[in-house]
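Working notes, beginning with the structure itself.
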Amino acid sequence: MKFISTDKPFPVFSLEADRDYILSRLINFSGSGFSSRAGYFGQQAIEKYFKALMVSQDKNYIKEHDLIVLSKYCSKYDSKFGKEEFLEKIKIFDDFREVGRYGGESSYDPHSKDEKYFKTAGVYSWTGTNIKILDELVSAIRIKLNFETIGFSDSLNEIAKDSKKDFLANEWKLPINLKDILTTDNSFFS
């Protein structure tokens, strides 16, 4: 594993992860035609939250995109990240690592099938429960990040409170309320 040291605070990753998470939730509500992008942004959010956790604890992170590897590594901060049940949920989003980005041209497509006369490619396996699983995973990782001790705003909590003090909430321009995107059918942010 290649480690990268940084003197930057963990929100360098968590703010990007918050953006990806919100985009995943927004895209999820857009319909199944966009599900590969919801999965891809979900994968990106989880990856960056894990890296934020590493930076918050050790001031370094692994140069790695595989969520299973990141989750197992982060189990040193919380043992649940290494448990099989947690890893099975993580796997859902790891499957979108390339499929969500490259579609039929992805080199990693665990759901493709070779049939007698054709091969499927760019297969998206997104179900209605995926967003709830993403919410659970994001909550489990983010709860380990202590924004107060470093004096940074917790963007998602500010959005959930409908606060306009936070950078993400203050800059939102779509006619859909950002709080609604975050909190609709979300038991972790309400």
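Structure above, values below:
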quantity: Verdict on GLY100 being more than 15 Å from the chain's Cα centre (by Cα), in a helix (DSSP H, G or I) and modelled with pLDDT under 95; calculated: no
quantity: Restricting the range 132-190 to residues that are among the basic types (Lys, Arg) and within 25 Å of SER75 (Cβ to Cβ), the residue that is nearest to the chain's Cα centre (by Cα); calculated: ARG142
quantity: Complete set of residues in the range 82-95 that are touching a residue at least 24 places away in the same chain (Cβ under 8 Å) and part of a helix (DSSP H, G or I); calculated: PHE86, LYS89, ILE90, LYS91, ILE92, PHE93, ASP94
quantity: Residue in the range 27-56 that is surrounded by the fewest Cβ atoms within 10 Å (Cβ to Cβ), counting only those that are of a type in the set (A, V, I, L, M) and modelled with pLDDT under 95; calculated: ILE27
quantity: Matching option when the condition is free of Cβ contacts under 8 Å to residues at least 12 places away in the same chain and either of a type outside the set (Lys, Arg) or in a helix (DSSP H, G or I) (or both), among SER30, SER24, SER56; calculated: SER30
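The values are calculated or read from the model by the stated rules, or taken from the named source; none is laboratory data. Remember, it's a predicted structure, so these values are computed and weren't measured experimentally. A quick note on method: Cβ atoms are made from the backbone with ideal geometry, for glycine too, and the neighbour counts reach across all protein chains shown.
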